[in-house]
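**Q** Take a look at this one; I'll ask things after.
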Amino acid sequence: MAQYLISVLDDTTNSATAEEMAAIDAFNEELKAKGHWVFAGGLASPSTATVVDGRGGEPVFTDGPYLESKEYVGGFWIIEAPHLDVALRLAALGSRACNRRVELRPFL
Amino acid sequence: MTDASKVIARVYREEWAPVVATLARRLRDLDIAEEMAAEAFATAVERWPVDGVPPNPGAWLATTAYRKAIDRLRREVRREEKHKEALVLSDPPEPLGAIDDDRLRLIFTCCHPALAMESRVALTLRMVGGLTVPEIARAFLVREDAMGRRITRAKAKIKAARIPYGVPFREDLPARVTGVLTVLYLIFNEGYLASDPGKEAIRGELTAEAIRLTRLVRDLMPDDGEVAGLLALMLLTEARRPARVSASGELVTLAEQDRSAWDRELIAEGHALVRARASPPGRRLGVSRSSPRSTPSTPTPGTSVTPTGRRSSRSTTSCFASTPRRSCGSTGRSRSPSSTVRRSPSRRWTVCRWRATTPSTPPARSCCAGWAAARSRGRRTTGLSRSPATPRRRRTSSVAVMSWAQRARRAE
């Protein structure tokens, strides 16, 4: 089984409607029931991010996103699937549930 | 050329795809499969002139390539490779689709929708068609190293994203088959008129391979009108192959062809496919059935094409007009992809579909334009007259957006 990251692409934060949240919950339950679930979560806006550079002696903290873009990752799922065809199908269901475009990416 | 090198050249054409496909199934790695197949052929080049050609060259190559792969995997120390070795040695049975054919599995992998269309075509021509990277680069009008990188990237994605090696889920088949048909069609095209001016104009092994694979897809989806349509189109075109080249190797125009040399069996089979698609209700058909444009020109069974009749002259001219390269090529030259789509929004299929989704692609670099230019170059260098193309040019916009079934109806 391989793991895949499904990133939800969005341009606003916490914008899901009640129906979308219900659909997401139902999708999550389905993932768990079929053994695909690893983890999922929604993310706060990029403006709340802090960039941390610990490569030197003292860590340096910088306010704000490392990279600014109109669209960003608003949330994600990590799923397990035997191969890409299954992962694509789950990503399509996830996209329908949250009513957003998603990006599917395999873990190494 | 010595006898042994002639045999090797022939065996390469015939056995490349089966050897790669078998290795891909056993190794689950297209890269290693391709590399080991190439090494096996290199060994054959060294040994066959000395030791003689083995009685079953294909089996010899498959065994040699497989042994080389095992040796290589044993040398590797990484855990992943060891895991793969275990997989190879146990060679586990796997769930099969309706059809068990290594090459069909390979083609579904190479034509996966997660790959860009250009990559799908290039990868299939390399892995299944056995064309070399320079040959494919010429067909696309791109540099060799760029094409090499494209193929390498595609193979890397197949590996990293775990694109499965197998026939897709049944419910995914209709969508997946459309992509496969495009690729098969382009392989057929390469055989119909080779892109390399230095080679013989018609490469029968490619057209035969495209037909063979299309037959396999049809076995998988016997009710699909588009599969039947493409197969019919290929058969009706292939039927004229014996008459398309003169004794001196020049391409012969349709008007001058010896029609008694046309393959009547293929014509009959192509006609039967088209007619079977025309009648039964309730099946998924190509747009031809509902299209008023194609209906009047479709011959009735009573006036069907015969290889010598007057009727055949007219109807096979339209076959020529709807042969793949012109319609694809002319569109690539003269129509923007968006206009092609806008003009026929209801069409389910267009040859230039991938261009339509990437309107920013420069035409000269696009797949269609590449094939078009390669084809016209091939036609010039092989001496094929342009005359059949010219009067038909006005119709190309409609030809380009035809479904396979519709093209086959016209070809009939």
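**Q** Sort out which residues of region A:65-108 are modelled with pLDDT of 95 or more and β-branched (Val, Ile, Thr), and write them in order of number.
**A** Once the filter is applied, which keeps residues that are modelled with pLDDT of 95 or more and β-branched (Val, Ile, Thr), region A:65-108 yields A:Ile78, A:Ile79, A:Val102.
**Q** What tally of residues in region B:164-183 results from selecting those that are among the hydrophobic types (A, V, I, L, M, F, W, C), out of contact with any Lys or Arg (no Cβ under 7 Å at 6 or more places or on another chain) and either under 20 Å from B:Arg103 (Cβ atoms) or at the interface with chain A (Cβ under 10 Å from one of its Cβ atoms) (or both)? Quick ask: steps written out before the conclusion?
**A** Step one: filter region B:164-183 for residues among the hydrophobic types (A, V, I, L, M, F, W, C), giving B:167, B:169, B:173, B:175, B:177, B:180-181, B:183.
Subsequent filtering for residues that are out of contact with any Lys or Arg (no Cβ under 7 Å at 6 or more places or on another chain) retains B:169, B:173, B:175, B:177, B:180-181.
Next, only the ones that are either under 20 Å from B:Arg103 (Cβ atoms) or at the interface with chain A (Cβ under 10 Å from one of its Cβ atoms) (or both) stay: B:169, B:173, B:177, B:180-181.
Residues meeting the conditions: 5.
**Q** Could you please give the count of residues in region A:38-68 that are closer than 19 Å to A:Ala16 by Cβ and either within 14 Å of chain B (Cβ to nearest Cβ) or not hydroxyl-bearing (Ser, Thr, Tyr) (or both)? Before the answer, list the steps.
**A** Restricting attention to region A:38-68, the residues satisfying the condition of being closer than 19 Å to A:Ala16 by Cβ are A:39-48.
Retained after the next criterion (residues that are either within 14 Å of chain B (Cβ to nearest Cβ) or not hydroxyl-bearing (Ser, Thr, Tyr) (or both)): A:39-44, A:46.
Qualifying residue count for the region: 7.
**Q** For region B:213-253, how many residues meet the condition of being modelled with pLDDT of 85 or more, within 18 Å of B:Gly191 (Cα to Cα) and assigned to a helix (DSSP H, G or I)?
**A** Number of matching residues: 14.
**Q** Additional query: Is one or more of the residues making up region A:11-29 more than 18 Å from A:Pro106 (Cβ to Cβ), surrounded by 11 or more Cβ atoms within 10 Å (Cβ to Cβ), in contact (Cβ under 8 Å) with a residue 60 or more places away in the chain and among the hydroxyl-bearing types (Ser, Thr, Tyr)?
**A** Looking through region A:11-29, at least one residue is more than 18 Å from A:Pro106 (Cβ to Cβ), surrounded by 11 or more Cβ atoms within 10 Å (Cβ to Cβ), in contact (Cβ under 8 Å) with a residue 60 or more places away in the chain and among the hydroxyl-bearing types (Ser, Thr, Tyr).
**Q** Please go through region A:55-102 and pick out each residue that is loosely packed, with under 14 Cβ neighbours inside 10 Å and in contact with a strand residue (DSSP E or B) (Cβ under 8 Å, 6 or more places away or on another chain).
**A** Hits for region A:55-102 are A:Pro59, A:Val60, A:Phe61, A:Thr62, A:Asp63, A:Gly64, A:Tyr66, A:Glu71, A:Pro82, A:Arg101.
**Q** Need the failing condition index for A:Ile78 against (1) under 16 Å from A:Arg100 (Cβ atoms); (2) within 16 Å of the chain's Cα centre (by Cα); (3) among the β-branched types (Val, Ile, Thr), just the number.
**A** (1)
**Q** Then there is this: If you go through region A:69-89, how many residues are more than 13 Å from chain B (Cβ to nearest Cβ) and of a type in the set (A, V, I, L, M)? Outline the logic, then answer.
**A** Residues of region A:69-89 that are more than 13 Å from chain B (Cβ to nearest Cβ), as a first pass: A:69-78.
Subsequent filtering for residues that are of a type in the set (A, V, I, L, M) retains A:73, A:78.
Qualifying residue count, region A:69-89: 2.
**Q** Do the conditions hold for B:Leu89, that is, is it modelled with pLDDT under 75 and either buried (at least 21 other Cβ atoms within 10 Å of the Cβ) or assigned by TED's automatic domain parsing to the domain that holds B:Arg26 (or both)?
**A** yes
**Q** So how many residues does region B:136-180 have that are of a type in the set (Lys, Arg) and at pLDDT below 80?
**A** We begin by selecting, within region B:136-180, every residue of a type in the set (Lys, Arg); these are B:138, B:143, B:149-150, B:153, B:155, B:157, B:159, B:162, B:170, B:176.
Next cut, at pLDDT below 80 only: B:138, B:170.
Here the count works out to 2.
**Q** Within region B:115-134, does at least one residue satisfy the condition of being modelled with pLDDT of 80 or more and within 13 Å of another protein chain (Cβ to nearest Cβ)?
**A** yes
The values are calculated or read from the model by the stated rules, or taken from the named source; none is laboratory data. Predicted model, so just to flag it, every value in this text is computed and none were measured. Neighbour counts run over all protein chains shown; Cβ positions are idealised from the backbone, glycine included.
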